1. Rolling a 1.4 angstrom probe over the protein chains, ignoring ligands and nucleic acids, what is the accessible area of residue 76 in square angstrom, nearest 10?
2. Need the list of lysines near residue 86 for cross-linking: C-alpha distance under 28 angstrom, and skip anything on the same chain fewer than eight residues off.
3. Rounded to the nearest 0.05, what FRET efficiency is calculated for residue 214 and residue 152 with R0 set to 51 Å and r the Cβ-Cβ distance?
4. Of 103, 130, 48, which is farthest along the charge dipole of segment 34-142 in the positive direction, counting Lys and Arg as +1 and Asp and Glu as -1 at C-beta?
5. Can you give the extra length, in nm with one decimal, that the chain gains between residue 193 and residue 79 once fully stretched, where that is 0.36 nm per residue apart less the Cα-Cα distance?
6. Note down the magnitude of the dipole of segment 140-255 about its Cα centre, charges +1 on Lys and Arg C-beta and -1 on Asp and Glu C-beta and zero elsewhere, to the nearest 20 debye.
7. On a C-alpha basis, how far is the centre of segment 128-165 from the centre of segment 169-229 in Å? Whole number, if you could?
Amino acid sequence: MVSPFTLPPTGFGPGSQPDPEGELQYLPMPSGMRTYSPHIPDAQDIAALAETLAMLAEMAVACEVVAQGGAAVSFDLARLSPAARKVMADALGQGEVAMKIRGLPAVMVQESVFAGVWMLLAAGMDVVEVAPVPSLALSRAHLPHSPAIGVLARRVPGLANAPALLAELVDKSLTRRAGEIAHVVNLSLLPHTPEDLAWLSEALGEGAVTILSRGYGNCRVSSCAQPHVWKVQFFNSMDTLILDTYEVCEMPEVALAAAEDLADSAIRIRDVIEAIR
């Protein structure tokens, strides 16, 4: 009797035949990881350099204080001269994390090359904040851009596990205590339909904060209007979604600068100061 399953014949398919040019062919590997690269600003204005170095020294001290559990420290860049402001921008550079914070005023946030040193720009605002995460990203996070309507979200054919997941997320949101371990719902490991995802998005609403972390691939973090609930998605370097989660916490850990990062930033800032001098 002939089996209904026939193995493919040997000697066929990619890699089975020698390359006529004599070279092995490999699949493209992920690439594009961002790493720290110190940059030494070049300025001829001695007075501007002096202004910049003085504020950088203050930032280094602030990094140490915050790393030890101190409160966030802000620096008003508007007090710098235009020349010094340009040198400061050159010295701080751009790091891995960027944020958009809705509200009045809307704020664009860019992490510098020094982890935990954040540049905030808005109408009437030009500041650097030294903190694990900018204070505004916490205080405005769940201000509704679209409201959390919960079970009032329109039911559509195809819903499966979304109502049960919503009940779990809302319960954890309402009973959340500061400092608790984040509660994570990993959608990548749970059966769900496209209708489930759309219904959950409508039910939980949309908050005011969107965060993009660019490292080995990208991580996109979006606040929901439901308090303490965040949508966290990881993409590989080829922009394929590899992890899709909801987290119930004050701020997802991926967006935070750790104490070790802040302490390291203090050292790196002082290295730049010494190199400029």
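The values are calculated or read from the model by the stated rules, or taken from the named source; none is laboratory data. Predicted model only: the values in this text are computed from it and were never measured. Heads up, the Cβs are rebuilt from the backbone with ideal geometry, glycines too, and the neighbour counts pull from every protein chain shown. Heads up: the accessible areas ignore ligands, DNA and RNA and are worked out on the full protein's heavy atoms, side chains in. Shrake-Rupley method; radii C 1.70, N 1.55, O 1.52, S 1.80 Å.
1. 70 Å²
2. Leaving aside lysines fewer than 8 places away in the same chain, those within reach of residue 86 are 100.
3. After rounding, the FRET efficiency stands at 0.90.
4. Most positive-ward Cα: 103.
5. 35.7 nm
6. Using Cβ point charges on Lys, Arg, Asp and Glu, segment 140-255 gives about 200 debye.
7. 7 Å
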